[in-house]
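Okay, so here's the structure we're looking at.
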């Protein structure tokens, strides 16, 4: 199954031909190529986190999701994912006394358990705190993000639109 | 279709092969690498704490208005 998804970056001198890998220390799902499910979340991300050049760009791509761990729409995948997180976090806490961070637990899956050899990526969600929501105090829309471990599940990557960043 | 059993096996194998030392070292490497990639514009606050058997240096910093925390042994 292919999904159309969105990739946000600062505007540069040259348009991108491929997505840029995210190496941020606070990346939700470890290192990889990040895409948003909804364009509105890609735009919000640009305004909030891609401000260095004053403008940001949103790219569009088709993502092949057949071999992605889908914790958003697939109940079996979601319960599996929750169980693995809790197991690993508890194990690490017992062995080290250290509570792992979101990035560390996902990086552990990728690096130490080599999940990226088996899965092409992970689809994950939290809830947006966004002005586009039409009902007060009701996060009825999921904020869905995908990390792709491999570029070969990304096709038709192309410039979609650009915006000037909001002033703080 | 994604092979969940294989994912679980790889995670279980990895966890079963870990010792306290190997896991602690891996976590500290992760946190130290975050320190090394802190952008130069970041504002640092550094504190030193001595615990029963080791000294730890805690760095907290902010960058572009976001608070970030990291610890190095």
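A few points about this structure:
- Wholly enclosed strands (runs of 3 or more DSSP E) of the range A:57-168 bearing at least 2 residues more than 12 Å from chain B (Cβ to nearest Cβ) and surrounded by 20 or more Cβ atoms within 10 Å (Cβ to Cβ): A:143-148
- Residue in the range A:30-47 that is within 14 Å of chain B (Cβ to nearest Cβ) and closer than 15 Å to residue A:155 by Cα present: no
- Scan of the range A:10-36 for residues that are crowded, with 20+ Cβ neighbours inside 10 Å and assigned to a strand (DSSP E or B), ordered by number: A:32, A:33, A:34, A:35, A:36
- Residue within the range A:136-146 that is on the phi < 0 side of the Ramachandran plot, in contact with a helix residue (DSSP H, G or I) (Cβ under 6 Å, 6 or more places away or on another chain) and free of Cβ contacts under 8 Å to residues at least 60 places away in the same chain present: no
No value in this document is a laboratory result; all are computed from the given coordinates. Because the structure is a prediction, the values reported are computed rather than measured. We place every Cβ from the backbone using ideal geometry, glycine too, and count neighbours over all the protein chains shown.
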